[in-house]
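Structure record follows, encoded as structure tokens.
Any read-out appearing in this document is the output of simple, stated calculations on the displayed coordinates, not a laboratory observation. In this text, all values refer to a predicted model and were calculated from it rather than measured experimentally. Here the Cβ is made from the backbone with ideal geometry for all residues, glycine too, and neighbour counts use every protein chain on show.
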Amino acid sequence: MEETDLSSVLLSRLMYPLVEAEIPNLSDIKAKFALILGAYSIEPKEEALVVWTEGKNEYYIKRFLLAKSVAGLTPKTIKNYSNNLRRIFREIGKDADTVTPLDIQAYLAVVMSRSSKINAVNMRRSLSTFYSWLHREEIIAKNPMNRVDGIKVQKKPKYAFSDMECELLRDNCRTAREKAIVETLFSTWCRVSELCSIKIQDIEGDQINVLGKGNKYRYVYLNAKAQVAIRNYLQERTDSNPYLFPMRRQGITGSRKGYVSDSWYKMPEFVSGTEPADKGSIEYIVRHLGKRAGVENTHPHRFRRTGATMALKRGMPIEQVSKTLGHESLATTQIYLDLSEDILAASHRKYVT
């Protein structure tokens, strides 16, 4: 193996623990490591006939994850790639550079038979990105994914809350915390992960600077209802947790982190700590609020769809709706909207002559 190859291998192996520890600014760190290693001549030990001993697939996957980490992908995305790829090649049972299009098609067919097309789509997406990287790195001569057709999934209609459902949800909030969560979701259209990451110091009057997908910040806005709900909620807070919606822990058998059943309301509202509420806790709160209110299919993402749909109906330009949602394309925004045929017909009569 050439010295330059050994330098690359050593650099990669030095970076792997940093990837797993989710250390930020990996691109800068890798550049500094490369500069240091460039001043040394690297040779393997004579008895080390094989420089890498963890297997081809593990080697390829770790290199791929490192490349994506340096490119700035979020730890959550990196973890998803890691879990998906390791599972795929464990089940296929072949080295990644020997897998054929037929192997992949057979694997995806098995995934669809035992789970769902959506899961198969996700696995295909991970494979496609991985094999594009392998081909670009000249590890493989041909990309097998070029001969694996996409999977068509029937899209079910997704609906926004009606005006009545919105009021039922508001009316059935039992605590200031629930009220603040509901009004913030209705006003800002945040993703649940973005909601969890909000710190009190991020709130600037009627706007909040949130960290969204792709590590991109954007401003979202609080209407009067949300501002009042947050103010009332913060007045009840007695803890020093920096997050708007902190994690709450109680030693109750059978409870979730951060939220439990109706017995929760008889207990202290907050405990000390510095962690934010997790995604599952917020989803649990919202789901049980929907059950109390008699509103089916209540989940955080539906608040996001509802806010965007109502704003568009009231005349907000779709470009502004898209920017508030944090979308990079209008096509993505259009998927979110719940517009009835009557509304589309009325708009056609108004704008098309």
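Using R0 = 35 Å, the C-beta based FRET efficiency linking residue 236 and residue 331 works out to 0.25. For residue 228 and residue 106, the difference between the fully extended length at 0.36 nm per residue and the C-alpha to C-alpha distance is 38.4 nm. Listed by chain and number, the lysines placed with their C-alpha closer than 24 angstrom to that of residue 225 are 179, 199, 279, 291, 313, 323; residues fewer than eight positions away on the same chain are left out. Using only the Cα atoms of region 163-215, build the gyration tensor, take square roots of its eigenvalues as a ≥ b ≥ c, and label the shape rounded, prolate or oblate: rounded if a/c is under 1.5, else prolate if a/b is larger than b/c, else oblate. Taking the square roots of the gyration eigenvalues as a ≥ b ≥ c, region 163-215 is prolate.
Going by neighbour counts of Cβ atoms within 10 Å, the residues 222, 73 line up, fewest first, as 73, 222. State whether region 66-129 is rounded, prolate or oblate according to the following rule on the C-alpha gyration tensor (a ≥ b ≥ c being the square roots of its eigenvalues): a/c under 1.5 gives rounded; otherwise a/b larger than b/c gives prolate, and the remaining case gives oblate. In terms of gyration-tensor shape, oblate.
Test of the criteria: in region 141-216, which chymotrypsin sites (Phe, Trp or Tyr not before Pro) are in a DSSP loop and have at most 15 other Cβ atoms within 10 angstrom of their Cβ?
Here the chymotrypsin sites (Phe, Trp or Tyr not before Pro) that fit, given the DSSP loop and packing criteria, are 159.
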